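The next block holds one structure in the form of structure tokens; read it before the comments.
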């Protein structure tokens, strides 16, 4: 009886167990999980590569693989002998340019003193020799007093008058040249040249004769001088006649008028120049202008010297910086993972030499299922535990949440397939005590 009862009960118990197991399985895959979100990962450290910014031959390597280094600790050093020599040369060039600048500045100061001295002398001379314009009479056509215009205004007007006189002189010269370009121009030129020479010879002979007349025992001198004078006078008369024979009366008058205009234009130019020169007194004198030009030249030289000093300082600073860059230091505290350089090797700029694991910048990357993605917030705090320290809990912060799923099947149609979709979450670990090490398995609770 009991055996029959057991035979009936055992299948029912077995069926009940199957139902319970199925229910547990369905609950486990349904996504209706209770409690905080948990995930597992591995402690990782940020790796950086130490590389030289300049090329050169390695002369010393101060670290080995597995060594802990501090921030700023020297890793390796490049040969700096050539740069030091260039540095010394640049320092000498800088000293030379600085000396040149000092000399230029001294020259500027001296030129400034000379300008002030020239101004003082010019003003004193002007005060002593300048006419009293208050007492001068104005021309009848000028209804204002002579003191009406200031010196600067007079100088400006005189310069304009000189420019006009120069232009008029050039026009009259061209008019005279135009006459020489006519049919009788060549003959006129020859006649004028002969007449000019004859006139000068006559003037000289006249002066010699006058001196001979007043000389003691002068008969022989007077006879010789008279003979030379007679010859010069005869030649002057002959040259004058040859000149007159070239033209009719009207042509002669035209040439004479042209020559008269040229002579008056030259006289006007000379008078305008003299008038301008007479106004250039005091602070407007040519001596002051020369001193002012010397000062400006000295100032320009000082500016160039300053530019040379600036360029030398820049070159000096560049070499200083290059010498500093021959020493490659650790950017942060970390563990030397790999050392790919030995003394004697020549490195190019940017060549990987030493890889550091930054133990102060630990990260953990975990993967969470798609159906719990909304429970993770950027910047949220998490707790971390590791097997090595079962009684310790470490803090962390959500640093990055992937915006794309990973391990996703090609065609997800079922609910189970959607649950196999995961998202990566990167967590920054807070470990001020330095207990955690790269490679430790860790559990993260959100």
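Bear in mind these aren't lab numbers, they're just calculated from the coordinates by the rules spelled out. Owing to the predicted nature of the structure, the values given are computational and were not obtained by experimental measurement. Here the Cβ is made from the backbone with ideal geometry for all residues, glycine too, and neighbour counts use every protein chain on show.
Based on alpha-carbon centroids, what's the gap between segment 314-337 and segment 92-128 in Å, whole number please? Using only Cα atoms, the two centres lie 46 Å from each other.
For segment 317-446, the convex hull drawn through the C-alpha positions has a volume of 200 cubic angstrom per residue. Placing R0 at 35 angstrom, the Cβ-Cβ distance between residue 264 and residue 226 gives a FRET efficiency of 0.40 after rounding to 0.05.
Fully extending the segment from residue 163 to residue 96 would add 19.3 nm, taking 0.36 nm per residue of separation and subtracting the current Cα-Cα distance. Its alpha carbons considered, segment 268-355 gives a radius of gyration followed by a Dmax of 31.9, 96 Å. Within segment 89-115, find all residues whose amide N lies under 15 Å from a label point positioned 7 Å from the Cα of residue 320 along Cα-to-beta-carbon. Residues 89-95 fall inside that zone.
One quarter of the convex hull surface built on the alpha carbon atoms of segment 178-330 amounts to 23.7 nm², the projected area averaged over directions.
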